Structure formats: structure tokens, C-alpha cells
């Protein structure tokens, strides 16, 4: 008894958690019940259970903002450092906030359309839609908090901006959001009806009986969710009143009117997006891409919600059937937009593209003719590069990697520095420029400036304004056009050289690029033929990859059929297969010389989905995309050229100098395959297919070793100029957009210890 009394005495001091079977205190149970059966919590549960497609849109956007999705392409930059009219600031964030506001409105309209009838008490409240929105903000608020955290961290720690500037941008985002929401709220204030609208005082309005599924569900309390409290005006919790005394048809009528209003707002949003696409030519209307993405997401939510609303339990089957129908309909030319090469004539008979027809271009007489034309260029080059002393000059090959605007800017930095360091000798000694993607964009711009200077224009080749030109944003107009135009059927067209083409993201890429470079590259490839023949500027090979068979398309202002096959394939027909096509020879009947030079650069930089594959007028129809899939460094073009003209090089030069310019280093880290799960192990054999750059490095090293033997001792020099980013930027993405900090880092890198020895070696070689 004494021991029992002792235990009873100490029991009240023992924490309740030590008694697993102890009942929960009523106050705690009530708090949990209040939370679980509150309207915001029940809406969140409903979305997670039945609106996964809509929740998936938010998750995808969150992954974009955090860089977990599309990080390698710089998608998060579109959100965290948006540009408008070339500036990142309050106004650009204002438009992003307005776009986010459109998404929040669409989210609420769609979920109200789908699920409001499950909470019939709403119909008895004043302004039911406003009450629904107030309780349905859990997901949007969570996303907004995530966005602002990422935006502030990015501005402060990545862009190194003052905290005041970063917070002012945040205010811009919130102001844009509030403005859009306010405008929509005003619209609903005057158009949405509630219970008082249908039941005016002193007059009992007769409600027409309905027999809809919603009415039956309300009448039988099916699909109704338990809600005890909801947030009212001022964010104050209010108890839910019973609506059992209301006619279900009366409640359904209120929902129906609100639904119609919601559909009208969503239709208006869709019209705004299409109209923005029609105004793509005007920079003023190119709102930041993040705003366009938010608007597109709002459209996806609206369309997905509408389909779910009308099809009900058949929604999954309906989605599958709709996708099959879209795939079938878009097989027809009227509904299937194919991007074209601007300047080519698609109305004439297509050129045959078969192995036999390609082989016919590579006959010995044809190749000899083209080689003779190139040797004339080389002779003029030698005369200018030798100077007055008559010594054999070094022949420079400039090979530049792809890598978006980072590669374009690095190429411009390298060319300015190399030419300045050698007192103009670098460009004078360079005979060929080749490469991929962004690197060729910067290279071609510098070559054009060098040509204009020789033609008498007052151009300072080493002016920093040209670096600024080539580093200007291209991703925003591309993404804007994808969202507002290309996801629909492009309908606007333009005329070029007597031909009409559709406006799409390929068109806007060239337009924006020409705007950034002041239309200096707005030429045909034929306009470079004479300057190259006079050796005023180096020859340039633009080499996009052919999707159909993996060959390369060699675009040059000169006849270059000798580039289509290894020399052995000409001497021994059939022994070596043709692995490239001379663009001018293949499409001579389609006005190949009229091809826009910017289109050639675009074809060379067509990364899948970012830019559209270009369809060429051949039979069968072929498509081309980024040169990087076959030769991301331009070395394949340079090594074949040296192979073809090896005898001339040995006899007329003191050796070849291959300058390899890369915007990223070779892969150094070797990852382990240990501790992998069964799924990772199954996919392991496929990994090598994604190591395109490493495989090309090995192939190029092998080719350069072969050339060293071919040209002879001391006849080949290789100078590598690689951009080594600072530690904080080592994982920065490859994109058509670079931040101000990345621009500054490229300036730092050109003066760094990593590249200084290479520049010194280059100066020694070109003395």
C-alpha cells in the first residue's frame, strides 16, 4: 500500500508523453480538429488527392525557379534576373509579378470551377468566389515565398547586388502581382453574383429546377467535404453554417454563374497571350519570359481544368484521346509548322539527297575545281601574311566551341585580345574560322567588324562595346515567342528575298541578334564571297548537323566540295563514304547563295527545343540542328582542310597553328559507378551516349596527332585558350543569356594566369 501510494504521489509530475495510452487533452484535440477541418487545409488535401495535374504545374515552376529543372539552360535566370528592354530592375520584376498574378487567378478560377460545389456552404456566403480565393492561397503563397527567397539569394550572393536594389526588385514583383489581382478583383466585384443577387429583399425569385449532376450531388450530400471553419474577411476564422434549408438548384445556379465568369476570364487570358505573340516584332511588347511562362502555366491550368470539368470521370481517357487527335491532325501540312532557311526557294523542285547524289558531287574533276579556287585564296592570303620580308607565314586556324552567349562573349574577348596583342597579325594570319553555336556568333561578329574596318568604316576593333553587343540577351525573345506563339499554330508571316516564311522563335532569334549587333550581320552568304576571295577576311565554315543521317552540312561562301569526304574517298570512289554535304552545291537550284548569314548561324546553334530544327528543300526532306552534335569545337573542319591542302601548307607556310577556344574545360572528374541501384545499373550502358563532348575530345586529339605526322616535324602548333570560371560560377549554365556577374568574370578570365601563357605563345609564333 505504501509503495502504491508513493507511485500515485509522483505520477502527476511525470510528463504525459511517458504514457502512450493516455488520452489527448480536449484542448489539443480541438486545435488539431480545427486545423484539419478548416477550409484551407481541406482544400489543400483535395488538391493533393484529385488535382495532381494542377499541383504538378506548381511543382514544375518551383523546380525551374530553384534550378532543379532546366538549370543547365539557365531557366532560373529567366525568373530571378528577368530582362525587359535590356534592363533588369523594378519594371521587369513588375511584369513577372503581374504574370504570377495571372497564374494565381487562373489557379483559383479553375479549382473553383472544379471543386466549389463540394463545399455548398460557399453559395450561402456573400462574395463566394472571394471567400474561396482567400482560403485557397496556401499553394500560391508557398510558391511566392520560395520565389522571393530564391530571388533575394540570387541577387545578393550570385549577382552581388546591393541588398536595397534586390529588395526593390522584390517590391516590383509584389506590386505587379497586387496590380493584376486588383484589376481582376474589380471585374469580379461587378460581375460575380452571390446569394443576395438571386434573392432580393421583398421579392422571392423563382429558381428554375435543374437536374444536373451538381444539383443531385448537393441534394444527396455526395462529394461534400466536411468543413467546420473558413477564413473570412480580415483572415478571421468563422464557423460554417448549414445550408440544408436552401434548394440545391438555387445553390447550383450561383456556382454556374460564377463558373461562366471564370471561363470568360480564362478565355481573355488566352487571347492576351496570342496578341502578345502577334506583337513579337516590337521590343516594347516582349515582356520578360518569366511573365510569359506564368501566363502559359495559367493557360495550361485553365485548359486542363476545363477538360476535367466537362469530361468529369472520363478526364483521363479524354486527355489520351485529345493527345492522339492532336498528333494525328498535326501530320497535315496545314497544322504542322516547319521552320525554313530564310532566303532559300521552297517552291522549286527539291534537291535529291541520297548517297549516290552526294557521291556525284565528289568526283575528281569537281573537287579539283573547288581546290583550285581555294588555292587562289591561299595564294592571296600568303602574299598579305608574308609582309615585306617574304618569309613563309604561319597559317592560323581559329576553332571555337559552342556554349551559348558565354561562348560568344569568350570568343569576342579572345579575338580582341589576340589581335591587339599581335598588332593585327592574328587576323591577317588566320585562314579559316570554324566552330559551333555561340562561339561562331561571336567569331562572325568580329570578322564582320574587321571587314568593315578594311572597307573604310571608323571601327575600333578592340572597343568594349562590341563585347557588350554580342553578350546581349537572346533567351528572353526566344522564350517569349515560344510561350506566346509557338505553342499555338504560328500564323503571322514575313517576306524575305521574294519568299514568305512563318514567324516563330527562329525568326525572332535572328531579329533580336540583328538588333543586338546593329544589323551588321544582316547579309546573305554570297556577300562574303568576294572579301574571302580577296583574302580580306578568313574563310568561315558553318557546319550544322543533319538530323536524318548524322552528316554535317558545310555552309561556306566558297565552293568546298573537297570538304564532303576524306581525300581517299575522291581518289578511290566508294572506298570512304561521304560524311558531309556542300550546302551551295546541294541547293544551287534553290538559291543557296541567297541564304541569310544569320540563318546559317542559327542553324549552327539550333539546340533542340530552344530553337526549331530547320527544314531544307530536299527529297527526302532533311532537318539540321546544332553543329555541336558532330563537332562542337570546329576541329573536324580544320583538320580536313589541312589534310586536303597538306602539300600546299608544307610548301608555302612555316607551319599551321590551331587555336582552340573553349568556353568550358575538358571533363576532368572520373565518377564512380559503385553503390548504384538496380534501375541505375540498367541505365548505366546508355551513359556513354551522353558523353558527346568527351568522345569528340578523344577523336580530335587523334586527328591532331595524325596531322602532326602528316605535315611533318615542327609544322603543327596547338594553342588552347580555355575559359576557367571562378569557383562560384563553375556550374553556371549554357544559355542564350548571361548575367552581369558572368560578363565580369569573362573579363577577369581573359587576363588570368591560366590563359596568359597561351597568349604569349601565340605572340611568339606570329612575330
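Any read-out appearing in this document is the output of simple, stated calculations on the displayed coordinates, not a laboratory observation. All of these numbers come straight from a predicted model, not from anything done at the bench. A quick note on method: Cβ atoms are made from the backbone with ideal geometry, for glycine too, and the neighbour counts reach across all protein chains shown.
Just a few scattered comments:
- Residues in region 508-539 that a label on residue 346 would reach, taking backbone N under 16 Å of a point 7 Å out along Cα→Cβ: 508
- For 434, 732, 170, order by how many other beta-carbon atoms lie within 10 Å, fewest first: 170, 732, 434
- Extension gain, residue 455 to residue 163: 0.36 nm times the residue separation minus the Cα-Cα distance gives 100.3 nm.
- For region 586-612, the residues whose amide N sits under 16 Å from a probe point set 7 Å from the Cα of residue 494 along the beta carbon direction are 595-603, 612.
- Extension gain for the segment residue 708 to residue 650, taken as residue separation times 0.36 nm less the Cα-Cα distance, is 19.7 nm to one decimal.
- A Förster radius of 41 Å combined with the Cβ-Cβ distance from residue 68 to residue 530 puts the calculated FRET efficiency at roughly 0.20.
- Neighbour counting of Cβ atoms within 10 Å sorts the residues 724, 429, 518, fewest neighbours leading, into 518, 724, 429.
- Cα shape, region 491-570, gyration tensor, a/c 1.5 rule: oblate
- When 700, 337 are arranged by Cβ crowding within 10 Å, least crowded first, meaning fewest neighbours, the order is 337, 700.
- The packing ranking, built from the mean of other Cβ atoms within 10 Å per residue, places the peptides 469-475, 42-48 in the order 469-475, 42-48, highest first.
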